[in-house]
1. Give the residues of segment 203-249 that are touching a strand residue (DSSP E or B) at 6+ places or on another chain (Cβ under 7 Å) and without any contact (Cβ under 8 Å) to a residue 24 or more places away in the chain, sorted by residue number.
2. Among the residues of segment 421-439, is there at least one that is basic (Lys, Arg) and within 16 Å of ligand 2 (Cβ to nearest atom)?
3. Would you mind listing the helices (runs of 4 or more DSSP H) fully within segment 229-331 where at least 1 residues are surrounded by fewer than 16 Cβ atoms within 10 Å (Cβ to Cβ)?
4. Look at segment 582-618 and say how many of its residues are surrounded by 22 or more Cβ atoms within 10 Å (Cβ to Cβ), within 14 Å of ligand 1 (Cβ to nearest atom) and either free of Cβ contacts under 8 Å to residues at least 60 places away in the same chain or in a helix (DSSP H, G or I) (or both).
5. If we only count strands (runs of 3 or more DSSP E) wholly inside segment 1-97, which ones have 3 or more residues that are crowded, with 18+ Cβ neighbours inside 10 Å and not basic (Lys, Arg)?
6. Assuming GLU514 fulfils every condition listed in (1) modelled with pLDDT under 85; (2) away from ligand 1 (no atom under 16 Å from the Cβ); (3) of a type in the set (D, E, K, R) apart from one, which condition is it?
7. Name the residues in segment 558-579 that are away from ligand 1 (no atom under 12 Å from the Cβ) and either without any contact (Cβ under 8 Å) to a residue 12 or more places away in the chain or farther than 22 Å from LEU538 by Cα (or both), would you?
8. Could you go through segment 431-447 and let me know if any residue there is at pLDDT below 90, surrounded by fewer than 20 Cβ atoms within 10 Å (Cβ to Cβ) and assigned to a strand (DSSP E or B).
Amino acid sequence: MAGKPFKVVDVQRLEQNLHHREAEIELLQKTFAEIGSELDLERVFQIVAERARDLVHAQTLLIPILDENCETYTYRGGAGLNADEIVGESMPLDFGICGWVWRHKKAWWRGVLDELDDEERNFWEKEAGSVILVPLQGRKHFLGGIAGINKCDEGDFDRRDLNMLSLFASIVAIAIENAMAVQTMEEARRLTEGYQMQLQRLNRQLSESNRELEYLSLYDTLTGLPNRSLFHDRFTQHISVAQTEKQSFALLLIDLNNFKEINETLGHERGDQILKDIARRFLLYLDGNGILSRLGGDEFALLLPELDRHKSLRHASHLLQQLEAPFDVDGVTIAVSASIGVSLFPEHGADVSTLLRHTDQAMFSAKSGKRGVSLYDPAADHSSTGTLTMTADLREALEQQTLELYYQPKVTLADERIRSVEALGRWQHPQRGFVPPDIFIDVLEQTGMIDRYTHWVIETAIEQIQHWRIQQRELSIAVNISTQTLMNPDFMHYLENLDAIADCGCYLQFEITENLFLSEYERLCDTLGRVRQLGISLSIDDFGTGYSSLARLKKLPVGELKIDRSFVMDMDRDPDDEVIVRSTIDLAHNLGLSVVAEGVETEQTCRCLLELGCDIAQGYLISKPVPIEQLEQFLVDRKH
Ligand code: C2E
Ligand code: MG
Ligand code: MG
């Protein structure tokens, strides 16, 4: 036989090698079968680590994978000795043998030492043989590597191990890359789902806030009633339906009287509470009929379908009756009244703006005539414009000084002498005619013009006082001061800087309303004290209509009390009023106050007041408020 004869040992080694090969092929096949269908990345790492360990007989096998940040790598899989402790650890990219493999993109094993220069070889020599690390190169990206540490049989990893592991790595890299892509997709899907849920939540929130916004834009948040804009819509719809169906309806505007004063003296919170209570009472009365809305402030509108003149007026009075029982807010009892204007469709207008304007005028006339309810009267409608233009006209009147002061004498009952007159504002509107002071004072207060107006009244009164003093006539003038002005901190500054006040202060009297006593007490005491220091005397106007008691007045520097004309005018006929007048006079005297009775219209009232000990009378019986020339003539006639 030619060639070298086989030794027994060779045959045995060949057989061993063949076995090895078969085992390796089987292991590779098993691995690919397992990871080919495995999509869980962590599981793939685990299988790869275990099979690779078997393949190269390593004590420990680790799978370092580059992190997304490209600055670190993390051991994502491992098998064998201490692997559990290492898996999950992260290292900087340039650290150790891994760093070398990343940099060179080629495998590390003992054989690499031959390629290194002396310095590097010395550096790596010690661990070179105990480590084998082959790169994991995906189709697109460099993924990381497979590292075997220490051979089980204490030898070094050899070229065969290198070749086997490299082959193994090149094949599993694809599976790892796939599983990584699946994981990324999975994460993206989870993220998308999360976003979708977030989006749905945001959408829900958005539609909720839209609904809230819609509510806020259509309803009054305080009372829950439709607001002006929703009312306008419904009103417009109602008109078109009523037009086609030939139906009639009534429009009511309800405006509270002196509500601003309630707000100012009791505070806005209590004012709001009252508005809520009013809305509740109205709704209870309406019992689902009509459309009630709050137009703003103290103004309500009500649309009552299918009503004639008679029924709508009856409803209006019933609404007023709903306010008769006093309101109780935090233990304070408050009386509220209102004025209602009524107009009818189609009789008084066929469109929204005409009807609103006419109802507004009816309300205006209810207020000025103190009638409670007033139906629009075309015959009495001289104005071509609504109340809105009043503000502009009033501003002009104030600037042009076309407002006037009328004077009404106050007579001392004991000696029938006139020592004082009350100055009352008068406004002759070029188109509307006479506008009652209750109305225009209200507008002045609401538009912030009241301070300017009051300054004008005070200065006009002072001029008049100075004029009379030259004529040796000692006459005082009483000026009405609204709460808003008195409580304005600038007012005292204004007064204290008025030159003429030093001389004329003692001829001036301020009539302040009783409701003022619900304002901040300390500040009120201070203000009234400073007013008194200027020589100006103080009088409580309209006593009996407000919320204060004589006991509260005791400590304040007030010298006079005016019983409201509503009690005085009826005291001849109404025994209750007579009792009120009598007891007020007695109590006021006990407190050292002098008493004025307003609204004295008859001799009988005058006699009665004298008997009751009233000090001063004021009313039509003596004189109506008159212009200055008439007052002077009146004084001359009475030999004053
Ligand atoms: P007031 O201060 O209580 O004024 C008395 C009111 O009673 C005046 O009404 C007067 O004309 C009226 N009056 C007087 N005697 C009689 C009478 O015998 N019978 C009847 N039925 N009424 C009588 P007027 O002038 O309409 O003023 C109404 C209110 O407007 C005043 O009530 C006052 O609160 C307010 N006011 C008038 N001028 C001013 C002003 O310059 N400033 C302020 N802040 N308010 C003013
Ligand atoms: Mg007065
Ligand atoms: Mg009065």
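1. LEU218, TYR219
2. yes
3. Working: elements: 259-266, 268-286, 309-321.
Passing ranges, in order: 268-286, 309-321.
4. 5
5. On the way: elements: 58-66, 72-80, 90-92.
Those strands (runs of 3 or more DSSP E) span 58-66, 72-80.
6. For GLU514, the failing item is (2).
7. Scanning segment 558-579 gives MET571, ASP572, ARG573, ASP574, PRO575, ASP576, ASP577, GLU578, VAL579.
8. Yes, because at least one residue in segment 431-447 is at pLDDT below 90, surrounded by fewer than 20 Cβ atoms within 10 Å (Cβ to Cβ) and assigned to a strand (DSSP E or B).
The values are calculated or read from the model by the stated rules, or taken from the named source; none is laboratory data. Because the structure is a prediction, the values reported are computed rather than measured. Heads up, the Cβs are rebuilt from the backbone with ideal geometry, glycines too, and the neighbour counts pull from every protein chain shown.
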